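See structure below.
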Amino acid sequence: MPDPHDDLRQSAFLQAVRGEPVSHTPVWFMRQAGRSLPEYLAIREGVGMLDSCMDPALVVEITLQPVRRYGVDAAIFFSDIVLPLKAVGVDLDIKPGIGPVVAKPVRTLADVAAIPDLTPEHVPFISTAVGNLVSELRGTPLIGFAGAPFTVASYLVEGGPSKDHAKTKAMMFGAPEVWDALMRKIAGISAAYLEVQVAAGASAVQLFDSWAGALTPRDYREHVLPHSARVLQRAGELGVPRIHFGVGTSNLLGLMGEAGADVVGVDWRTPLDEAITRVGDRAVQGNLDPTLVFAPTDVMTARAAEVIEAGRAARGHVFNLGHGVLPSTDPDQLKRLTEFVQSYPLG
Ligand code: CP3
């Protein structure tokens with residue numbers, strides 16, 4: 001019986017995250033599924049974001065679209081960081097152009113206690129979608145993901161997107177027992193959500209702490225790191241490599257590694273060589289400025305070459321943008337970037 005995972009052993013992505021030698025620098029893009037692709041906009045026509053995440057056929061198709069178009073080295077599961085909250089019954093929606101909006105923001109211990117823990121029975125459509133994807137993807141690894149406790153807490157406490165995360169941090173500083181309960185609750189939900197994806201065949205996971213850059217190192221270490229560490233530890237126990245990413249986290253990169261990451265995701269503001277010094281003996285992922293795809297191709301590829309060269313000093317390097325693909329990105333330019341990275345000689 002051929003093992004379906006045999007093809008994956010040769011995957012440059014999995015080799016790089018484990019710090020093994022690679023034939024080329026592997027590349028994928030955060031937010032590669034969706035937004036910028038015409039075939040995505042067509043298939044999503046008239047279907048709400050969260051409804052599409054709960055439809056396995058749509059999830060499979062949308063996840064595969066960028067793999068087909070770009071030939072990237074990894075697929076990222078099409079879902080959202082707030083989907084598991086929706087699945088356990090939190091009243092929320094994802095509004096186009098805005099993001100997640102929560103009907104009744106969390107303020108008290110009773111509000112936290114009212115959020116159920118996630119079990120596989122809440123998300124049967126996720127297991128189906130991941131299982132079907134893994135058989136379609138064959139040699140291309142699937143990255144599962146979840147939101148980190150701080151970033152998910154921000155949506156629950158603010159009730160929607162926030163620039164300063166003021167209500168969230170007010171809870172963190174002023175109501176430590178509510179904060180601790182909320183972070184524990186989300187950590188449990190995110191860990192369980194990752195476990196469902198890995199059990200169904202995801203080869204790696206990424207924990208998105210997109211808004212952690214709002215925190216000082218001290219507050220990150222005291223109020224956030226222990227909770228993210230619990231999620232990453234549970235993922236580690238499942239035997240898959242863990243990527244840990246945030247935006248504006250230059251001064252948190254060392255701590256984000258210490259939280260239990262095999263790979264630290266780096267946004268574009270920190271030069272990759274500095275990031276590598278900060279994370280020490282771990283792999284890195286990143287970090288081309290997402291707006292460079294709007295530059296002339298030779299300018300974009302010259303900058304991409306700098307990122308690849310800098311990445312060679314790391315234990316392993318996965319090429320990515322420093323944050324998600326912007327909605328107005330030209331897919332042809334992303335295709336050129338993919339081909340450039342994959343054919344860049346490492347010899
Ligand atoms: O390729 C992929 O990465 C696809 C899967 C994916 C989505 N969201 C789909 C999505 C992933 C990994 C996410 C993660 C996510 N969701 C994060 C962390 C990553 C990051 O960007 O920092 C965050 C903070 C969210 C919360 C969220 N969901 C926001 C801020 C938004 C943007 C609102 C908008 O319209 O720009 C969403 C909606 C969302 N999630 C869309 C997609 C494709 C757009 C909705 C649509 O197409 O209708």
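Nothing in this text is a laboratory measurement; each read-out follows from the coordinates by a stated rule. In this text the structure is predicted, and so the values were computed from the model without any measurement. A quick note on method: Cβ atoms are made from the backbone with ideal geometry, for glycine too, and the neighbour counts reach across all protein chains shown.
For this structure, a couple of remarks:
- Ordering of 118-126, 202-210 by burial proxy (mean other Cβ atoms within 10 Å per residue, highest first): 202-210, 118-126
- Built amide H within the under 5 Å cut-off of VAL82, gap 5+: none
- Karplus 3J(HN,Hα) series, Hz, for region 205-220 with 6.51 cos²θ - 1.76 cosθ + 1.60 (x for Gly, Pro): 9, 10, 9, 8, 10, 3, 9, 4, x, 6, 9, 6, x, 4, 5, 4
- Taking θ as phi - 60° and the Karplus parameters 6.51, -1.76 and 1.60, the scalar couplings of region 121-127 work out to 5, 6, 10, x, 5, 6, 4 Hz in sequence order, x denoting glycine and proline.
- Packing, as the average of other Cβ atoms within 10 Å across residues, places the peptides 51-59, 286-294, 98-106 in the order 286-294, 51-59, 98-106, highest first.
- Cα centroid separation, region 279-347 to region 170-213 (Å): 28 Å
- In region 7-343, lysine pairs closer than 15 Å at Cα, eight or more apart or cross-chain: 4
- For region 78-185, diffusion coefficient by Stokes-Einstein and Kirkwood Rh (Cα), 37 °C, 0.692 mPa s, µm²/s: 216 µm²/s
- MRE, 222 nm, helices only [DSSP H, n ≥ 4, -39500 (n - 2.57), over the chain, to nearest 500]: -13500 deg cm²/dmol
- Each residue of region 275-281 is assigned a 3J(HN,Hα), and the resulting list reads 4, 5, 4, 6, 8, x, 7 Hz, derived from the Karplus form 6.51 cos²θ - 1.76 cosθ + 1.60 (θ = phi - 60°), x at Gly and Pro.
- Between GLU136 and ALA42, the simple spin-label model (points 7 angstrom out along Cα→Cβ) gives 1.5 nm.
- Overall Cα dimensions of the chain, principal axis frame, Å, largest first: 58, 42, 42
- Extension gain for the segment ASP298 to PHE173, taken as residue separation times 0.36 nm less the Cα-Cα distance, is 40.2 nm to one decimal.
- Paramagnetic label reach from ASP117 (point 7 Å along Cα→Cβ; backbone nitrogen cut-off under 19 Å): within region 183-200, residues 183-199.
- Across region 240-260, the residues whose backbone nitrogen lies under 18 Å from the label position 7 Å along the beta-carbon direction of GLU274 are 246-257.
- A Förster radius of 45 Å combined with the Cβ-Cβ distance from ASP91 to ASP7 puts the calculated FRET efficiency at roughly 0.60.
- Over region 179-293: Rg over Rh, Cα atoms, Kirkwood Rh: 0.97
- Alpha-carbon centroids, region 58-87 and region 243-272: separation in whole Å: 23 Å
- Segment ALA199-ALA103, extension gain: residue separation times 0.36 nm, minus the distance between their alpha carbons: 31.4 nm
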